[in-house]
Every structure is written in structure tokens, then in C-alpha cells.
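Trainee: Pasting a structure here, questions to come.
The values are calculated or read from the model by the stated rules, or taken from the named source; none is laboratory data. On a predicted model such as this, the values are computed, not experimentally measured, just so you know. Ideal geometry is used to build each Cβ from the backbone, glycine not excepted, and the neighbour counts take in all protein chains shown.
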Amino acid sequence: MKNCPNCNAEIEEGFELCWNCNYSLTEQKVVDIQDLNKNKREINCLRCDVPMLFSGEYKFHEGPKIGVLGNIFEAFVNRESFDLHICPQCGKVEFFAPLHNTDYKFE
């Protein structure tokens with residue numbers, strides 16, 4: 001866990017945006033959610049039928065990280081990243097394969 005430099009809220013590992021104040025760790029400023037939605041999907045919540053907000057890219061990390069040899073074992077881990085969307089009304093969270101990822105084939 002890391003803390004937001006703007007509001008001191010806890011930010012989980014893998015997230016680059018504060019859930020509380022929209023402070024971007026990569027841009028080092030508070031960003032408007034509308035800016036994040038550029039070039040992203042427009043998805044409605046299946047429960048509420050309201051537009052979901054894009055909350056950033058979440059990176060999953062699977063595999064061992066064993067002591068001093070952890071960096072060597074990093075070559076054998078599985079890393080996936082997904083776009084995270086949140087419903088502003090009910091709080092439902094959904095993960096989607098990124099549009100820019102060419103490893104996924106949609107038909």
C-alpha cells in the first residue's frame with residue numbers, strides 16, 4: 001500500500017490513481033475523470049444502466065517472489081493488465097481487456 005501525496009488516502013499496489021481525490025501518481029496532479037475516459041469504452045452498468053467510469057489500468061501479478069532470488073523468478077511470472085470500470089451508482093467493478101492489447105482477439 002502507498003499513500004496519496006494529495007489527500008493521504010491509501011492506494012493499492014497496481015493502481016496509479018487515487019480513488020478518493022483522482023490524484024494521478026504518473027502525472028503528479030489531480031485529473032478529471034473525463035480526461036481518463038478519452039479513447040476508452042463507453043460501458044453501462046448491467047445493474048443500474050448508467051455509464052461506468054474508467055478508473056485506470058489494473059496490473060495483476062502472478063507467480064513467486066521468493067526472498068533474495070525474487071528478481072530471478074520474475075522471469076517466470078504471469079502479468080496481465082485490465083481496464084477497471086466502476087459504476088458510480090452501485091459501486092460494481094468490472095475488468096475488461098484493454099483495447100490497445102493485441103493479444104486478445106474479439107469476435
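Trainee: Return a yes/no flag: does the stretch 80-90 have any residue that is modelled with pLDDT under 80 and part of a loop (DSSP other than H, G, I, E, B).
Mentor: Among the residues of the stretch 80-90, not one is modelled with pLDDT under 80 and part of a loop (DSSP other than H, G, I, E, B), which makes the answer no.
Trainee: While we're looking at this one, here's another question. Please go through the stretch 37-53 and give me each residue that is modelled with pLDDT of 65 or more and exposed (fewer than 11 other Cβ atoms within 10 Å of the Cβ), ordered by number.
Mentor: GLU42, ASP49
Trainee: Follow-up. Pull up the stretch 1-36, narrow it to residues that are among the small types (Gly, Ala, Ser) and within 11 Å of GLY56 (Cα to Cα), then point me to the one that is modelled with the highest pLDDT. Please lay out each step first, then the result.
Mentor: Going through the stretch 1-36, the residues among the small types (Gly, Ala, Ser) turn out to be 9, 14, 24.
Subsequent filtering for residues that are within 11 Å of GLY56 (Cα to Cα) retains 14, 24.
On the way: GLY14: 80, SER24: 87.
If we take residues in the stretch 1-36 being among the small types (Gly, Ala, Ser) and within 11 Å of GLY56 (Cα to Cα), then SER24 is modelled with the highest pLDDT.
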